[in-house]
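Okay, structure first, notes after.
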Amino acid sequence: MSTQPKRRISTALLAHVDAGKTTLAEAILYCSGKSRSLGRVDHGDTALDTHRLERERGITIFSSQAVFSAGDFEVTLLDTPGHIDFSSETERVLQVLDYAVLVISGNDGVQSHTRTLWKLLQIYNIPTLVFVTKMDFARHSMDELMDKLRDELDSGCVNFSSDDADARNEALAMCSEQLLEKYLAGEEIDDSDIAQLVSRRRVFPCFFGSGLKLTGVEEFLSGLQRLCVPQNYPDAFGAKVFKISRDKNDRLTHLKVTGGVLHVKDTVTVGTSSEKINQIRVYSGEKYITVDKAEAGSVCAVTGPVNTYNGMGLGYEANSEKPILEPVMNYRIVLPKGCDAQTMLPKLRMLEEEDPQLHISWSEYLQEIHVSLMGDIQVEILKSLIADKFGVEVEIDEGRVLYKETISNVVEGVGHYEPLRHYAEVHLLMEPLPRGSGLVFDTTCSEDSLDRNWQRLILMHLGEKQHLGVLTGSPITDMKITLAAGRAHLKHTEGGDFRQATYRAVRQGLMQAQSVLLEPYYSFRLEVPFEQLGRAINDIRMRKGTVGRPEESGGMSILTGRAPVVLMNGYAAEVAAYTGGRGRIFFEPAGYDECHDTEKVVCEICYQPEADVDNPPDSVFCAHGGGFCVKWDKVPEYMHLESCMKKGRSESVVSHRTLNIDEKELEAIMEREFGPVKYNIYRRSERVDTTEKKIELPEPRKQYVIVDGYNVIFAWDDLKQLAEVSLDAARDRLMNILCNYSAYTKINVILVFDAYRVPGGRGERFEYHNIRVAFTKEHELGDNYIESLVAEIGKNEYVRVVSSDRLIQLSVIRSGVLRTSARDFENEVDQVHARIAEALDNLNKGVKTTTIGDIVNKNYNE
């Protein structure tokens, strides 16, 4: 006989610190029959705060779960941290919730962190119930608190603890036109109608009581059964990872199954690999039971997978978006003497795996380990965790605000990476975006010029790294980076080449751009007595903040606005002091905006972008078999592709290995490397003794043209287009062209092809019709072969070298021969072809001539 599937819901308790959340969780577990005794925070025996640090400090630091029954529901209750320093732990839990319970202290009411949590629940679109606890010590009545909830949270807050059913139904009717019609018609509003509004976040049921006194808890559990609707899950398997932890022996992946069934020994796809589920655990506090399967709606922990991470989607589930709450402070971890940073770093990465918002990083430039934290409490907890887990007593400095950087103008970043046997070039268009946009990656590069797989790889490299700005070395944000162009080599490009080119392109673009330093801002709500309003406004303006129009509420003046985080630290205590405890201020993260004192911050940090070896802006080009570095501001002169922002450049610019180096600089390089000039074609010829009766004239010098084959192919447009389809065809076309050229001009042609990177290449020399062709052997540069030919035949014969490689050009000049650029040689060949066509045309018209050679020689001599 088949059993009816369980009705499951997952919910979590959320609150500001010291609101009574953990006490309420104990009351819920006790009243539901899950716990036999009622634990207390001050006694250190609560069921859900199981870590030593939690019990010592009396606060929740890590999320934990318990499973209990409420009627026909199986409820997974997740307890989350209330302190703002551990907000990232709370936010990770939100992605697996069906419903949330927002806990508010009857003493304190809605606090700053309460507003932050409420906004998160709005963003994640989670249906929410409200429980106001500590009513046994409340300073306000239930009705007064309800007015505050409607005013400060949402007008859809409805009191479900009130005995006045008519008032409740009237409030419900105001939340929906359908319910309003039923109410006016005198019809009863049933639980299913209310449950639908709750699931759509139109109604927020509010309950009042005391977790310590167990008042209102049974009523809340009854409302949970009546007003919550379990989700319908698909048959296909899916799961969402929301936490990574470790016990003494295993790495645990905490997840919620959102579709199908997960069995022990099942294989799940994790990234590009498959990993087996060894064990499924269902936790209640620190205890757990093992089960053979987890059905849809279940929250469990599994052992086996080692590559999972927070926010990862399994099966049909997609990965989660970037967290909303981020740390705003950066700290330096100081290791004790004798502790090696490179040994400690992998251990700290394990903590980062559990809390990704730590952003553990190693600064090669500063030789320091950095970590991002939310505040001082998290600093102390992190030090204790490192000591407990790794036995190392570290120190953490006072920290500084975590800045970010963006740009204010559009630039093109170019990265080229071409050491020996590697090749990649990337052009990125970098544009500023509005504040809060983050980084957006796109591509407009044609797949005809760069294969789709290479483009995907470049976009992956853009997103895999935290790119740093050039003002302070802070992460960049709020810009769109578009892949505009790129080039790969048919044989020599590897995946790592595009990683290097991409990183360098981003950095080179930032070096050119007008960078803007950003700092974190708070939005605030400041409540002060009316007589203190002027001082409050002046304080905010002195702190570079902006203030809206003052409002009045409950005899207090209310100011709202935004101000830099660094200038608002400690202001809450100042408000309490000058208002005699009557005033208070609420802060919420408000993203990043332009720094109020950029020049001072940049000078204090004193970051040198060109000295940061982990983030080089320069590019690597290749010549004479070795790579050489080109400074970021000179890269446009060396790059192989046309600038995406400067279309219509001169066609005479050669795009293949063209080195536009200053002549004097190259002259100095060549003299240093190869010694002084040996052969000078401009020297005066020796004087002939005219008194001799017989003068023996020297034999005419033969004419040679040595052609750098691949340089010409990639400089001539027709051959370049053909090479993109078939390099062999381009070589054959060039050989035929040069055969015609040699036949017409009577010039000896030697065509050299560089086979330096061809594995096992033995080199080849042969005659093709009337020209000589040479393929160099493996590890023999075509450049070196050309120079050896020049040295051999340039002493006695007339030699020209055709190449647009400036290093080759200067080298052969120093050997006493002439050079011609690939583009100029193309023009010369075109003229020869035109004369051949003219000669053939004359033949067809019957011009008297002995042979075609006569016409050719006649035309050439002219």
Legend entry - Rounded to whole Hz, the Karplus (6.51, -1.76, 1.60) HN-Hα couplings of the range 719-726, x for glycine and proline: 5, 5, 5, 5, 5, 5, 8, 8
Inset, instruction - Using label points projected 7 Å from each Cα along Cα→Cβ, tell me how many nm separate residue 291 and residue 542, to one decimal. - result: 5.9 nm
Inset, instruction - Quick one: which residues, 5 or more positions from residue 297 or on another chain, have an amide H under 5 Å from its amide H? H modelled 1.01 Å from N in the peptide plane, none for Pro or chain starts. - result: 257, 258, 259
Legend entry - Nearest-ten-degree value, helix 663-674 long axis tilted from longest Cα axis of the chain: 80 degrees
Inset, instruction - Please give the per residue accessible area of the chain, computed with a probe of 1.4 Å over protein heavy atoms only, in Å². - result: 49 Å²
Inset, instruction - Note down the relative contact order for the chain as a percent, whole number, built from C-alpha pairs under 8 angstrom at least six residues apart. - result: 7 percent
Inset, instruction - Determine the percent antiparallel among the DSSP beta bridges restricted to the chain, to the nearest 5. - result: 70 percent
Legend entry - Residue-wise HN-Hα coupling along the range 427-434, computed from phi with Karplus coefficients 6.51, -1.76, 1.60 (Hz; x: Gly, Pro): 10, 10, 9, 10, 10, x, 10, x
Inset, instruction - For the range 406-544, count all C-alpha to C-alpha pairs, find those more than 21 Å apart, and express that count as a whole percent of the total. - result: 50 percent
Inset, instruction - Could you rank the peptides 459-469, 782-792 by their average count of other C-beta atoms within 10 Å per residue, with the highest value first? - result: 782-792, 459-469
Legend entry - Mean shadow area of the range 29-121, taken as a quarter of the surface of its Cα convex hull (nm²): 6.8 nm²
Legend entry - FRET efficiency estimate (nearest 0.05) - Cβ-Cβ, residue 717 to residue 368, R0 51 angstrom: 0.45
Legend entry - Pairwise label distance in nanometres, residue 441 with residue 453, each label 7 Å out on the Cα-Cβ vector: 1.8 nm
Inset, instruction - List every residue whose amide H lies under 5 Å from the amide H of residue 799, counting only residues 5 or more places away in sequence or on a different chain, with H placed 1.01 Å from N in the peptide plane. - result: 704, 818
Inset, instruction - Tell me the label-point distance for the pair residue 576, residue 796, using the 7 Å Cα-to-Cβ offset, in nm and rounded to one decimal. - result: 10.0 nm
Inset, instruction - With a cut-off of 14 Å, note down the residues of the range 317-356 whose backbone N falls inside the zone around a label point 7 Å from the Cα of residue 397 toward its beta carbon. - result: 330-335
Inset, instruction - State to the nearest 20 debye the size of the charge dipole of the chain about its Cα centre, where the only charges are +1 on K and R beta carbons and -1 on D and E beta carbons. - result: 2040 debye
Legend entry - Interchain or long-range residues, amide H under 5 Å from residue 317's placed H: 239
Legend entry - Chain lengthening between residue 724 and residue 342 when straightened (0.36 nm per residue, less Cα-Cα): 133.0 nm
Legend entry - Alpha carbon convex hull of the range 101-145, volume per residue in cubic angstrom: 68 Å³
Inset, instruction - Note down the relative contact order for the range 485-610 as a percent, whole number, built from C-alpha pairs under 8 angstrom at least six residues apart. - result: 31 percent
Legend entry - Helix 341-354 axis, angle to the chain major axis (alpha carbon atoms, nearest 10°): 50 degrees
Inset, instruction - Rounded to the nearest 0.05, what FRET efficiency do residue 319 and residue 552 give with R0 = 41 Å and r taken as the Cβ-Cβ distance? Could you check? - result: 0.30
Legend entry - Mean separation of Cα contacts under 8 Å (6+ apart) over length of the range 109-238, as relative contact order %: 31 percent
Inset, instruction - In whole Hz, with x marking every Gly and Pro, tabulate ³J(HN,Hα) for the range 532-544 from phi via Karplus 6.51 cos²θ - 1.76 cosθ + 1.60, θ = phi - 60°. - result: 9, 4, x, 5, 4, 4, 5, 4, 5, 5, 5, 9, 6
Inset, instruction - Determine which residues of the range 11-27 fall in the zone a paramagnetic label at residue 43 would reach in this model, i.e. backbone nitrogen under 19 Å from the point 7 Å along Cα→Cβ. - result: 20-27
Inset, instruction - Just check the range 298-345 against the gyration tensor rule for me: Cα atoms, a ≥ b ≥ c as the square roots of the eigenvalues, rounded for a/c under 1.5, and otherwise prolate or oblate depending on whether a/b exceeds b/c. - result: oblate
Inset, instruction - Could you state, as a whole-number percent, how many of the C-alpha pairs of the range 570-640 are farther apart than 21 Å? - result: 64 percent
Inset, instruction - Step through the table entries 276/383; 34/256; 34/213; 256/383, compare each Cα-Cα distance with 23 Å, and write down the pairs that go over it. - result: 276/383; 256/383
Inset, instruction - Among the GluC sites (Glu not before Pro) in the range 175-257, which ones are in a DSSP loop with at most 16 other Cβ atoms within 10 Å of the Cβ? Mind listing them? - result: 187, 188
Inset, instruction - On the protein heavy atoms, probe 1.4 angstrom, tell me the percent of accessible surface of the range 235-344 carried by carbon and sulfur. - result: 49 percent
Inset, instruction - Calculate, for residue 629 and residue 588, the FRET efficiency according to 1/(1 + (r/R0)^6) with r their C-beta to C-beta distance and R0 45 Å; round to the nearest 0.05. - result: 0.45
Inset, instruction - Using per-residue counts of other Cβ atoms within 10 Å, averaged over each peptide, order 480-493, 433-446 from highest down. - result: 480-493, 433-446
Legend entry - Global geometry of the range 83-185, whether rounded, prolate or oblate, following the gyration tensor of its Cα atoms and the 1.5 cut on a/c: oblate
Legend entry - Whether the range 40-85 is rounded, prolate or oblate, judged on the alpha carbon gyration tensor where a/c under 1.5 counts as rounded: prolate
Legend entry - Full-extension gain in nm, residue 739 to residue 235, via 0.36 nm per residue minus C-alpha separation: 174.4 nm
Legend entry - Backbone N within the range 104-128 under 20 Å of label point (7 Å from residue 139 Cα along the Cβ vector): 104-115
Legend entry - Cα-based equivalent ellipsoid, the chain: semi-axes from gyration tensor eigenvalues, Å: 75, 30, 26
Legend entry - Sulfur and carbon atoms: percent of accessible area, the range 88-171 [1.4 Å]: 41 percent
Legend entry - Within the chain, helix-based [θ] at 222 nm, where runs of 4 or more DSSP H residues each add -39,500 (n - 2.57), nearest 500: -9500 deg cm²/dmol
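The values are calculated or read from the model by the stated rules, or taken from the named source; none is laboratory data. Keep in mind that what you see is a predicted model, and the values were worked out from it rather than measured. Please note: Cβ atoms are built from the backbone with ideal geometry, for glycine as well, and neighbour counts cover all protein chains shown. These accessible areas exclude ligands, DNA and RNA; they are computed on the full protein's heavy atoms, side chains included. Shrake-Rupley method; radii C 1.70, N 1.55, O 1.52, S 1.80 Å.
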